[in-house]
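A.B. asks: Below you will find the structure I want to go over with you.
Derivation of every value follows stated rules applied to the coordinates shown; laboratory data play no part. Please read these numbers as outputs of a predicted model, since none were measured by experiment. Every residue, glycine among them, receives a Cβ derived from its backbone with ideal geometry; neighbour counts consider all protein chains shown.
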Ligand code: 5GP
Ligand code: MN
């Protein structure tokens with residue numbers, strides 16, 4: 001049995017809101033991943049089948065590696081078409097906010113949404129959502145926002161509108177946000193949801209391969225180089241660090257998404273329980289962290305890198321040079337050592 005974990009009053013409010021409008025905009029976080037796109041597009045497909053005019057607006061482009069997700073071509077991308085994004089948002093009667101907990105995660109899209117008078121519905125699994133949403137469906141213990149969209153549809157009695165396309169989108173988020181059903185999926189209900197999604201009979205193996213095991217030659221070579229020549233291990237701290245600078249990224253013709261799963265790789269080493277990846281982008285240093293067990297990389301990212309996320313998967317945007325970001329990493333190690341010494345004495 002899949003339990004109705006969302007409060008009935010919340011579902012009732014949401015039903016009234018959806019029934020009362022025809023133009024709905026769905027938004028997700030910048031640098032959208034499989035869960036952000038999967039959940040937004042799944043909801044969009046269902047709302048359209050319900051007869052609504054629904055559009056997904058993203059702060060920036062989806063990576064090439066996710067072009068296969070059904071509906072990606074119809075996204076309204078703020079950085080590509082600001083005017084269109086502005087128009088559909090100004091026209092919206094209801095806004096869904098999926099897979100993010102704060103307007104900081106949607107970049108300049110926030111400036112368009114904040115002044116609007118329409119209701120905002122949050123569906124998300126990140127810790128501590130900001131107080132800017134009218135309806136809050138926030139479950140940090142959920143595997144993914146796709147799981148939550150499924151639960152919302154189930155409790156609203158809308159699962160019959162989940163077609164093959166919507167199911168494919170949900171599958172992508174359930175798959176990618178759990179690292180291929182590896183973590184954040186200990187709840188048996190996760191597999192009941194997966195089973196229900198699977199009944200829509202899409203090309204599961206094709207989607208699995210595209211989402212989990214498709215890389216360009218350049219991307220594979222870049223990952224090989226990063227592991228072979230750039231991975232630093234800090235055994236005393238159970239830590240690994242990989243740093244890629246602009247020149248290295250250019251050398252391998254870096255495209256967005258090319259280093260998506262790189263940060264996980266050092267966790268294959270039994271002695272490593274947390275891993276940090278730093279990438280020098282045009283205007284910032286992108287930080288990605290992963291961990292195993294109860295070591296919280298979300299705390300590390302929030303405290304040191306102005307970011308956040310989940311216990312075992314977090315990230316941040318660091319404004320400063322690569323050298324400064326690396327110095328912060330060494331500060332983290334020093335602070336961990338000091339905290340350990342204090343605990344022992
Ligand atoms: P990734 O390392 O895949 O970019 O991100 C992993 C997780 O960390 C995301 O699901 C998101 O929860 C969180 N995250 C990544 N970047 C940021 C950021 O800049 N700010 C915050 N608050 N969270 C982030
Ligand atoms: Mn997610």
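A.B. asks: How would the chain be classified by its alpha-carbon gyration tensor: rounded, prolate or oblate, with rounded meaning a/c under 1.5 and the a/b versus b/c comparison settling the rest?
C.D. replies: Since a/c reaches 1.5 and a/b is larger than b/c, the shape of the chain is classed as prolate.
A.B. asks: Mind checking the full-extension length gain between residue 79 and residue 160? Use 0.36 nm per residue of separation minus the Cα-Cα distance, one decimal, nm.
C.D. replies: Contour length minus the Cα-Cα distance gives 25.7 nm.
A.B. asks: Only bridges whose two residues both fall in the chain count here: according to DSSP, what percent of them are antiparallel, nearest 5?
C.D. replies: The answer is about 40 percent antiparallel.
A.B. asks: Under a crude label model (7 Å from the Cα following the beta-carbon direction), how far is residue 253 from residue 217 in nanometres?
C.D. replies: Here the answer is 0.8 nm between the modelled labels.
A.B. asks: Shifting gears a bit: With an 8 Å cut-off on Cα pairs and a minimum separation of 6 or more residues, tell me the relative contact order of the range 53-193 in percent. It would help to have the intermediate numbers written out before the result.
C.D. replies: Numbers: 171 pairs, mean separation 25.2, N = 141.
Reported relative contact order: 18 percent.
A.B. asks: At 222 nm, what value in deg cm²/dmol follows for the chain if DSSP H runs of at least 4 each add -39500 (n - 2.57) and the sum is divided by all its residues, to the nearest 500?
C.D. replies: Calculated mean residue ellipticity at 222 nm is -12000 deg cm²/dmol.
A.B. asks: Still on this structure, please answer the following. Mind running the shape call on the range 253-325? Use the C-alpha gyration tensor, a ≥ b ≥ c as the square roots of the eigenvalues: rounded below 1.5 for a/c, prolate if a/b tops b/c, oblate otherwise.
C.D. replies: Note, shape of the range 253-325 comes out oblate.
A.B. asks: Based on alpha-carbon centroids, what's the gap between the range 211-235 and the range 1-34 in Å, whole number please?
C.D. replies: With the range 211-235 and the range 1-34 each reduced to a Cα centre, they are spaced 37 Å.
A.B. asks: Same structure again: If I stretch the segment between residue 282 and residue 208 completely, what's the gain in nm (0.36 nm per residue apart, minus their alpha carbon distance), one decimal?
C.D. replies: 23.5 nm
A.B. asks: Report the gain in length on full extension from residue 191 to residue 12: 0.36 nm times residue separation, minus Cα-Cα distance, nm rounded to one decimal.
C.D. replies: Using 0.36 nm per residue and subtracting the Cα-Cα distance, I get 61.8 nm.
A.B. asks: Shape call for the range 181-299 from the C-alpha gyration tensor, a ≥ b ≥ c root eigenvalues: rounded (a/c under 1.5), prolate (a/b greater than b/c) or oblate?
C.D. replies: Oblate is the answer for the range 181-299, as a/c is 1.5 or above yet b/c matches or exceeds a/b.
A.B. asks: How many nm is it between the label spots at residue 19 and residue 227, if each spot is 7 Å from the Cα in line with the beta carbon?
C.D. replies: So the label points at residue 19 and residue 227 sit 5.4 nm apart.
A.B. asks: Please arrange 122, 17 by how many other C-beta atoms lie within 10 Å of their C-beta, fewest to most.
C.D. replies: On the way: 122 23, 17 18.
Ascending number of Cβ neighbours within 10 Å: 17, 122.
A.B. asks: Take each of the peptides 164-173, 285-294, 53-62, average the number of other beta-carbon atoms within 10 Å over its residues, and list them starting from the highest.
C.D. replies: Packing proxy ranking, top to bottom: 164-173, 53-62, 285-294.
A.B. asks: Between residue 340 and residue 111, what is the spin-label point distance in nm, taking each point 7 Å from the Cα along the Cα→C-beta axis?
C.D. replies: 4.6 nm
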